[in-house]
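**Student:** Just dropping this structure here.
The values are calculated or read from the model by the stated rules, or taken from the named source; none is laboratory data. All of these numbers come straight from a predicted model, not from anything done at the bench. When we count neighbours, we look across all protein chains shown, and the Cβ atoms used for this are built from the backbone with ideal geometry, even at glycine. The area values use the complete protein model at the heavy-atom level, side chains included, leaving out ligands, DNA and RNA. Shrake-Rupley method; radii C 1.70, N 1.55, O 1.52, S 1.80 Å.
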Amino acid sequence: MDGTRIKAVNNKDKNFTRNSLEKFIKAVDERLEEYLKRLEEGDVAEAGTDGSRVKNLAEKIEALRKKRGRYGALLADLEKSGESQISLTDSDSRAMAAHTKVGVGYNIQIAVDAKNKMIVEQEVTNQVVDMGF
């Protein structure tokens, strides 16, 4: 038996867990709240101006709402599938820890036979062997 991790054709930014999606949604909600507050303040402050600052905030709010919708849809898909992760590029790949970093890929396990001169089984023991002395 031997195993290795093979990197998938996927970026870890395109791989989501329930926890990461919930964090992203929370961050977007907080940012939306901040923008809405600034938009209300900007309405009062820019009453006699061209309103470019308010228009810029409105565009940012719309972009965040779309992003939140995508994250919400991904979270719903993840919950419906029963899986622990969802990957946008390669649905079979998973985020896996490898030493000190996380990569998205596959865990490959291989067993070979003696015909190919490879070890197929190894036993490790801590029992004392009686040599007959």
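**Student:** Picking from 101, 55, which residue would you name as being out of contact with any strand residue (DSSP E or B) (no Cβ under 7 Å at 6 or more places or on another chain), within 15 Å of residue 15 (Cα to Cα) and modelled with pLDDT under 85?
**Tutor:** After applying the criteria, what remains is 101.
**Student:** A further question on this structure: Look at segment 19-35 and say how many of its residues are open to solvent by less than 80 Å² (accessible area, probe 1.4 Å) and of a type in the set (Phe, Trp, Tyr).
**Tutor:** Summing the residues that are open to solvent by less than 80 Å² (accessible area, probe 1.4 Å) and of a type in the set (Phe, Trp, Tyr) in segment 19-35 gives 1.
**Student:** Give all pairs with beta carbons closer than 7 Å in which a residue from segment 62-87 that is under 20 Å from residue 8 (Cα atoms) meets a residue that is of a type in the set (Lys, Arg) and part of a helix (DSSP H, G or I); count only pairs at least 6 apart in sequence or on separate chains.
**Tutor:** 78/18; 87/14
**Student:** Show the residue pairs that are 6+ apart or on different chains and have beta-carbon atoms under 8 Å apart, the first residue being within segment 4-22 and of a type in the set (D, E, K, R), the second being not in a strand (DSSP E or B).
**Tutor:** Pairs found: 14/88; 14/89; 18/75; 18/78; 18/79; 18/84; 22/75.
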